[in-house]
Structures are given as C-alpha cells and as structure tokens.
Amino acid sequence: MNAPSQDPWRVVGTTLLVGALVGALGGCEAVLALGPEPDRDAATSDSSSSLSGAGPAAGSTTTTAGSSGQGGHGEGAASGAVQGGAGGAGQGGAGQAGAGGSSSAGGGGPASPYAEAVLADEPILYLRLGETSGTTAVAVVGPSGQYVGDAGSYALNQPGLIINDPDTAVHVKGGGVDLGDFADFEGAQPYSLEAWVKPPPEDGAEDGYHRVLSKEDEDSDGERDGYDLWLHNGELAVERFVAGAGEYAFADVPVDGSAFHVVATFDGVVLRLYVDGEPRSEQTLTQALTLSDNSAPLTVGRASNGGNELQGIIDEVAIYAAALSEARIADHYAVGVSGR
Ligand SMILES: [Ca+2]
Ligand SMILES: [Ca+2]
Ligand SMILES: [Ca+2]
C-alpha cells in the first residue's frame with residue numbers, strides 16, 4: 001500500500017493488469033517485453049500527471065495503483081486514480097479498467113501521449129506493433145495477435161510513425177497479424193478502425209487491393225461478408241459486405257511514400273473515412289448490410305484469407321466499438337504528428 005506514486009505504470013503493469021484485462025496475458029507480456037527500456041522510470045513521473053487527464057478509463061484502471069500509491073495524494077495522478085477507482089467500482093467498469101491499465105503496460109516505459117489519446121476513447125483493440133522480437137503482436141487492449149507469414153514477410157522494430165514516440169512499428173511485406181475471430185460487429189453495430197500507414201512510393205504499376213485491416217469471410221460460402229480497409233492505386237477505401245453486396249467510402253491518399261493516418265467509422269448507417277484527421281468521404285448505406293457473426297480472422301496487413309497483402313509500414317492499429325467523432329479523430333492525428 002505504500003508503493004511510490006511516481007511509478008504508477010509499474011504498479012499497474014505488474015499487479016492490476018494481469019487480473020483485470022481481457023488481454024491480461026498480453027499486457028503482462030508487454031511489460032516484460034518493454035520493461036528493460038532505459039527511460040522507463042524517468043518517464044513515468046511525466047506519465048502520471050498526464051494519466052489523470054485520461055478520464056474514467058485511466059482512472060478506473062489505477063484503482064489498485066491509486067490505493068498502493070497513496071503517498072502521491074495531492075498530485076493529479078494519484079487523486080485521479082482514487083476518484084477513478086471509485087467510479088470504476090460503482091460502474092463495475094472492468095473493461096474500462098482494462099483499457100486504462102493497459103495503457104500503462106503498452107507504454108511500457110516512456111509516456112506516450114498518442115497512446116493516451118487512443119486509450120481515452122476506450123478501444124476494444126489496440127496494437128502498438130512495437131515488438132522487437134518474437135511472433136506475438138502484444139495488444140495493449142484486446143486479444144494479442146500472431147505475426148504470420150513466410151520468413152522475411154514482415155520486419156519488426158522499424159521506425160514508428162508517431163512523432164517523438166519511441167515505440168516502433170512493423171513493416172509488412174506479405175505477412176501480417178492474425179488476431180483470430182474478433183470484432184465481428186454483427187448487425188449494424190458501430191465501429192471505428194484506425195491505423196497509421198506508410199506504403200512505398202506508388203510506381204504506377206501497383207495493382208491489387210492491399211488490406212490494412214480485414215474481417216472478411218468469403219471462403220465459407222464463396223461470398224464476401226464483413227468489413228475491411230484497403231489501399232489500391234493511391235486510393236483508400238472502407239467497405240462493408242453482406243453476401244457479396246458491398247458499399248464503400250473512398251479517399252485519395254499520398255502516393256509519394258509518405259505516411260498517413262486513417263480512421264474509418266461506421267455509425268450504423270454511414271461509412272466515413274478520415275485521412276490525416278480530416279473527414280474525406282462518406283457513404284450512407286442504401287441497403288441494410290446487416291453483418292452476421294463469422295469465423296474469419298481479423299487481420300492486419302493482409303486479408304483474412306491471407307491474400308491481398310499490404311506493403312509498407314503499419315503502426316498503432318486500434319479498433320473501437322463506436323464511431324469516433326471528428327473532433328477525437330482530429331485530436332489523435334494532432335497528437336500523432338506533434339508527439340503531444
Ligand atoms: Ca508503434
Ligand atoms: Ca461469406
Ligand atoms: Ca465471429
């Protein structure tokens with residue numbers, strides 16, 4: 001009960017996360033994998049103050065951290081944690097606790113304003129893709145994935161796409177991440193899909209539809225069902241399919257090899273696509289396109305069936321069970337390109 005308040009990340013990571021999260025094992029692995037980073041302790045004092053701004057998610061997570069870090073009473077983080085903890089208990093907010101707590105784990109060491117911005121919106125999946133070795137894509141929130149593909153089909157530990165954030169990214173070259181059957185979003189459930197992508201310069205000969213994210217079953221009945229986000233000849237699209245009938249929203253993206261931020265949202269009726277924090281297109285569905293539960297894996301960097309590979313760096317993938325607002329998307333982008 002007397003752990004120093006200046007190290008809430010460690011307290012959360014080692015005591016709370018393990019039991020609290022859906023991705024508890026992943027969170028623990030994140031701590032182990034990232035623990036040795038030298039700046040960890042130095043950065044945690046900064047992160048404690050910023051954590052208090054993360055709202056109920058961070059606050060409720062730190063229920064344990066707050067009670068064990070009571071020496072810090074009077075500081076933003078400690079009081080936030082205590083208040084958050086009370087709120088979390090009242091709401092039975094285990095999921096929220098998980099999200100906030102894993103922010104600490106995912107951060108590992110240095111505070112990440114970008115990760116905090118993501119976690120403030122309570123994703124159901126958040127992959128920082130910052131592994132340096134192994135085959136597990138450790139989830140900060142949600143199920144961890146497996147890096148899949150032939151030897152050389154992906155490269156870990158590539159420069160990340162978030163400014164002033166030491167967390168790295170993966171370069172996919174045919175491989176990707178398989179998250180298993182997750183995030184079906186049956187019916188007309190809302191969602192948001194988010195990623196940072198840095199494809200190679202367009203050479204004019206590009207062909208094919210390169211999946212950034214995919215949760216699409218076409219194999220069981222030969223017809224496309226689900227949703228995905230793809231690149232094709234400098235065009236980005238979010239699509240939604242039921243029994244082969246689909247609707248899309250499209251937007252142009254850079255073809256000069258520069259990175260961009262994408263968020264696709266679905267609010268139950270309208271598909272929207274945002275690039276670099278700005279709304280770029282939308283499509284109001286003209287048919288219901290009611291999704292069914294399927295068993296196709298959610299994948300990053302290639303289609304659920306392993307095809308349609310993306311080439312390039314992909315980073316900071318998040319999925320939310322809500323349509324993020326334009327303001328929140330703009331904020332994520334602003335933090336991502338400023339580092340604060
Ligand atoms: Ca990353
Ligand atoms: Ca199908
Ligand atoms: Ca399913």
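Only a single item in (1) part of a loop (DSSP other than H, G, I, E, B); (2) buried (at least 21 other Cβ atoms within 10 Å of the Cβ) is not met by PRO254, and it is number (2). Is it the case that the stretch 284-304 has a residue that's away from ligand 3 (no atom under 16 Å from the Cβ), within 22 Å of the chain's Cα centre (by Cα) and free of Cβ contacts under 8 Å to residues at least 40 places away in the same chain? For the stretch 284-304, residues away from ligand 3 (no atom under 16 Å from the Cβ), within 22 Å of the chain's Cα centre (by Cα) and free of Cβ contacts under 8 Å to residues at least 40 places away in the same chain: absent. Being among the β-branched types (Val, Ile, Thr), in a loop (DSSP other than H, G, I, E, B) and either within 16 Å of ligand 1 (Cβ to nearest atom) or at pLDDT 95 or above (or both), is that true of even one residue in the stretch 164-171? Yes: one or more hits.
Counting only residues that are under 27 Å from ASN233 (Cα atoms) and surrounded by 19 or more Cβ atoms within 10 Å (Cβ to Cβ), the stretch 325-340 holds 4 of them.
If you take the residues in the stretch 208-230 that are within 16 Å of ligand 3 (Cβ to nearest atom) and among the basic types (Lys, Arg), which one is farthest from HIS261 (Cα to Cα)? So that I can check it myself, show each step before the final result.
Of all residues in the stretch 208-230, those within 16 Å of ligand 3 (Cβ to nearest atom) come to 213-221, 224-228.
Next, from what is left, pick out any that are among the basic types (Lys, Arg): 215, 224.
Working: LYS215: 20, ARG224: 26 Å.
Step by step, filter the stretch 208-230, then rank; the result is ARG224.
A count restricted to the stretch 132-159 and to residues that are crowded, with 24+ Cβ neighbours inside 10 Å, more than 16 Å from ligand 3 (Cβ to nearest atom) and in a loop (DSSP other than H, G, I, E, B) stands at 1.
If the condition is being farther than 23 Å from LEU125 by Cα and either not assigned by TED's automatic domain parsing to the domain that holds TYR274 or not polar (S, T, N, Q) (or both), then the stretch 225-247 contributes HIS232, GLY234, GLU235, VAL242, ALA243, GLY244, ALA245, GLY246, GLU247.
Scan VAL269, VAL262, VAL337, VAL275 and give me the residue that is away from ligand 3 (no atom under 16 Å from the Cβ), β-branched (Val, Ile, Thr) and touching a Gly at 6+ places or on another chain (Cβ under 9 Å).
VAL337
State yes or no: is ALA303 more than 25 Å from PHE182 (Cα to Cα) and in contact with a Lys or Arg (Cβ under 6 Å, 6 or more places away or on another chain)? Against the criterion (more than 25 Å from PHE182 (Cα to Cα) and in contact with a Lys or Arg (Cβ under 6 Å, 6 or more places away or on another chain)), ALA303 does not qualify. Residues in the stretch 226-244 include at least one that is touching a residue at least 40 places away in the same chain (Cβ under 8 Å), touching a His at 6+ places or on another chain (Cβ under 8 Å) and either part of a strand (DSSP E or B) or within 16 Å of ligand 2 (Cβ to nearest atom) (or both).
When residues in the stretch 184-195 are screened for being away from ligand 2 (no atom under 16 Å from the Cβ) and crowded, with 17+ Cβ neighbours inside 10 Å, 5 of them pass.
Set side by side, the residues GLU309, GLU278, GLU316 differ, and just one is buried (at least 23 other Cβ atoms within 10 Å of the Cβ) and either without any contact (Cβ under 8 Å) to a residue 24 or more places away in the chain or within 24 Å of GLY160 (Cα to Cα) (or both), which is GLU316.
For the stretch 185-206, state whether one or more residues are away from ligand 3 (no atom under 16 Å from the Cβ), polar (S, T, N, Q) and outside any loop (DSSP other than H, G, I, E, B). Scanning the stretch 185-206, I find at least one residue that is away from ligand 3 (no atom under 16 Å from the Cβ), polar (S, T, N, Q) and outside any loop (DSSP other than H, G, I, E, B), so the answer is yes. How do the strands (runs of 3 or more DSSP E) wholly within the stretch 258-340 filter down when requiring 3 or more residues that are away from ligand 1 (no atom under 16 Å from the Cβ): which remain? Filter on the stretch 258-340 gives 260-266, 270-275, 278-284. Taking first residues from the stretch 171-191 that are over 23 Å from SER292 (Cα atoms) and partners that are assigned to a loop (DSSP other than H, G, I, E, B) and of a type in the set (S, T, N, Q), the Cβ contacts under 6 Å between residues at least 6 apart in sequence or on separate chains come to LYS173/SER153; GLY174/SER153; GLY175/SER153.
The values are calculated or read from the model by the stated rules, or taken from the named source; none is laboratory data. Here the structure is a predicted model, which is why all the values come from computation and not from measurement. Quick reminder, even Gly has a Cβ in these numbers, built from the backbone with ideal geometry, and neighbours come from all protein chains shown.
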